[in-house]
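**Q** Provided herewith is a single structure, encoded as structure tokens, for subsequent inquiry.
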Amino acid sequence: MRKKSFAMGKGVYYFKVKTGPTKITIKRLVRKEAVDAYFSYIKIGKEVEWLGKWDGKKFEDSEVPKEEVSAA
């Protein structure tokens with residue numbers, strides 16, 4: 001198994017998407033963008049794991065987000 005080859009940024013939101021036998025870590029700087037991307041992967045049938053906001057030592061805001069219904 002390969003080690004991750006990047007440093008996680010403080011204050012950045014992360015989630016993982018399973019693609020075959022591996023998982024890809026995706027980051028977004030803004031929570032709303034991270035949640036939108038997270039749910040877009042779920043909608044297309046991908047297995048997704050929410051990690052949360054990295055504070056330098058651990059993930060904060062790591063509770064799986066609930067899908068927000070927008071009044072359009």
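Read-outs: derived from the displayed coordinates by stated rules, not from any lab. Source: prediction; values computed, not measured. We place every Cβ from the backbone using ideal geometry, glycine too, and count neighbours over all the protein chains shown.
**Q** Beyond 19 Å between alpha-carbons counts as too far, so tell me which of K10/K46; K46/K66; K32/K57; K10/K32 fall in that bin.
**A** K10/K46; K32/K57
**Q** So, in nm, how far is label K23 from label F39 when the simple model puts each one 7 Å beyond its Cα toward the Cβ?
**A** 2.2 nm
**Q** Something else: Return the label of the correct value of Cα extents along the principal axes in Å, as calculated from the structure shown, out of (i) 67, 28, 9; (ii) 55, 23, 17; (iii) 42, 29, 17.
**A** The calculated read-out lines up with (iii).
**Q** Can you give the longest stretch of the chain with no exposed loop site, where a site means trypsin sites (Lys or Arg not before Pro) in a DSSP loop (not H, G, I, E or B) with at most 10 other C-beta atoms within 10 Å?
**A** 11-56
**Q** At 222 nm, what helix-only mean residue ellipticity would the chain give, in deg cm²/dmol to the nearest 500, using -39500 (n - 2.57) for each DSSP H run of four or more?
**A** Mean residue ellipticity at 222 nm (helix-derived): -5500 deg cm²/dmol.
**Q** As I understand it, the dipole of region 3-42 uses +1 on the Cβ of Lys and Arg and -1 on the Cβ of Asp and Glu, about the Cα centre. Which of V17, A37, A7 lies farthest toward its positive end?
**A** The residue sitting farthest along the positive end of the dipole is A7.
**Q** Another question, if that's okay. Expressed as a rounded percentage, what relative contact order does the chain have, with Cα pairs under 8 Å and six or more residues apart?
**A** 32 percent
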